[in-house]
Amino acid sequence: MTRITVSGLGERHLRAERATLTATVAMAHPQRDQSMALGESAHARIAERAVVLRGTGAATWHSIDVLTTRVRVWTDKDGAQHRDHVTSGTVRIKLGRLDLVADVVAELSALGATVSTAWALTEATRDGVTRELRTAAVRDARAKADDFAAALGVAVTDVAILRESPTSGSPAIRGSQGGAREELTVPEITVAVAVSGEYDTN
């Protein structure tokens, strides 16, 4: 009896369905009260925009972090030390309306935020596709095992071991995350399931 060990893969590329924008403000000023005032003003405007987007249904979720203030000491090119107070806070917005991503990023940036974008599928889509890909991965592994068995002049009789291998789906960014709407390309998310199997032959 010969045991054949092979791997199988099921993979699909799907257009992203959600975009989570992380908008962070960090306002520095030598005076603590001025730093806090600047930070609170920018943070409040961004938070207000998040609430509006959520209310219209364009955003499916948002969170608003509490502002924090820290002291930053830095040295200039002449060797002189300076002391600033930095007030910072973060607002996160999950957009379901992907056609609004570029405009919202530009708007939040204009309000003084540094904005990053994370793309994702909905949990329902990812879970459903993952279940389908498990079947595809097992079939792929079995087809390879059958090919090797045929080359050896034997046949697969049983599956001895089947393991799922760790995999991850990652976004392939193919366009600007900011700027004009026509410059933005919504990326595809790769969902993959990999297995390894050991097959007994006669």
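Values in this text are rule-based calculations from the coordinates and carry no lab data. These numbers were taken from a predicted model, which means no experiment stands behind them. Glycine also receives a Cβ, built like all others from the backbone with ideal geometry; neighbour counts cover every protein chain displayed.
For segment 18-120, the relative contact order is 46 percent, taking Cα pairs closer than 8 Å that sit 6 or more residues apart in sequence and dividing their mean separation by the residue count. In the elastic network of the chain, a GNM with C-alpha springs shorter than 10 Å, the most mobile of Ser63, Ser109, Ser165 is Ser165.
Along its principal axes, the chain has C-alpha extents of 81, 46, 28 angstrom, given from the largest down.
Between Ala44, Ala26, Ala149, which gets the highest mean-square fluctuation from a Gaussian network model of the chain, Cα cutoff 10 Å? Judging by the Gaussian network model, the answer is Ala149.
Tell me, what is the percent relative contact order of the chain, built from C-alpha pairs under 8 Å that lie six or more residues apart? Here the relative contact order equals 36 percent. Computed over segment 18-120, the range of Cα coordinates on each principal axis works out to 50, 25, 19 Å, biggest value leading.
Simple spin-label estimate for Asp84 and Ala106 gives 2.8 nm between the two label positions (7 Å along the Cα-to-Cβ direction from each Cα). State the dimensionless ratio Rg/Rh of segment 90-140 (Rg: radius of gyration of Cα atoms; Rh: Kirkwood radius). Rg/Rh: 1.23. Counting only DSSP H runs of at least 4 residues, each contributing -39500 (n - 2.57), and dividing by the residue count of the chain, the helix-based mean residue ellipticity at 222 nm comes to -11000 deg cm²/dmol. For segment 60-128, a Kirkwood hydrodynamic radius built from all Cα pairs, placed in the Stokes-Einstein relation at 25 °C and 0.890 mPa s, yields a translational diffusion coefficient of 159 µm²/s.
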